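The values are calculated or read from the model by the stated rules, or taken from the named source; none is laboratory data. Note that the coordinates shown come from a computational prediction; the quantities given were computed from them, not determined experimentally. Cβ sites come from the backbone with ideal geometry, for glycine too, and all protein chains shown count toward neighbours.
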Amino acid sequence: MAEIHLEFWVLAAAGAGLDQTTLRGLLHLAEAAEVVVRFPVAGGSAVDGSTFKDLQLNIEPGFTVLAVRRGGGYLCRPRGQVRLSVGDEVIASGPDEGQALLAALCGWELVEDDEGDDELVPAS
């Protein structure tokens, strides 16, 4: 229900001179283009031992790290000097087209299975 209210607010804010049907479609398209992923950090990967400051994942591949699952807990909105290591799980949101690059940085390859779903396999 909150999504519908947001749509109406954005459409109303757009002004009378714009086609609201097109804008509504763009809102849906933008929402569909965002994905949330969970990738474990593999040993020897580009992110293993790196800090978020070094990685700048929000620039390339355009992901915002929401949390890191470490041991039995979570580091929410990790930034700066937080260092990733093997066994951590990165939970991030970003553009669908960037998830293969993020998977590769974490040491994985996204491969489509028989049902059309993505599966993680160790990078070669």
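For the reader, a short list of remarks on this structure follows.
- Identification of strands (runs of 3 or more DSSP E) wholly contained in the range 62-118 with 2 or more residues that are acidic (Asp, Glu) yields 108-112.
- Applying the condition of being surrounded by 20 or more Cβ atoms within 10 Å (Cβ to Cβ) and not small (Gly, Ala, Ser) to the range 79-111 and asking which residue is nearest to Arg38 (Cα to Cα) yields Val90.
- Inter-residue pairs, beta-carbon under 8 Å, first closer than 11 Å to Leu105 by Cβ and in the range 53-69, second surrounded by 14 or more Cβ atoms within 10 Å (Cβ to Cβ) and β-branched (Val, Ile, Thr), 6+ apart: Leu55/Val47; Leu57/Val65; Phe63/Val37
- Residues (in a helix (DSSP H, G or I) and either modelled with pLDDT of 95 or more or hydroxyl-bearing (Ser, Thr, Tyr) (or both)) located in the range 23-61: none
- Condition met for Glu119 (among the charged types (D, E, K, R), within 20 Å of Ser45 (Cα to Cα), modelled with pLDDT of 90 or more and touching a Leu at 6+ places or on another chain (Cβ under 8 Å)): yes
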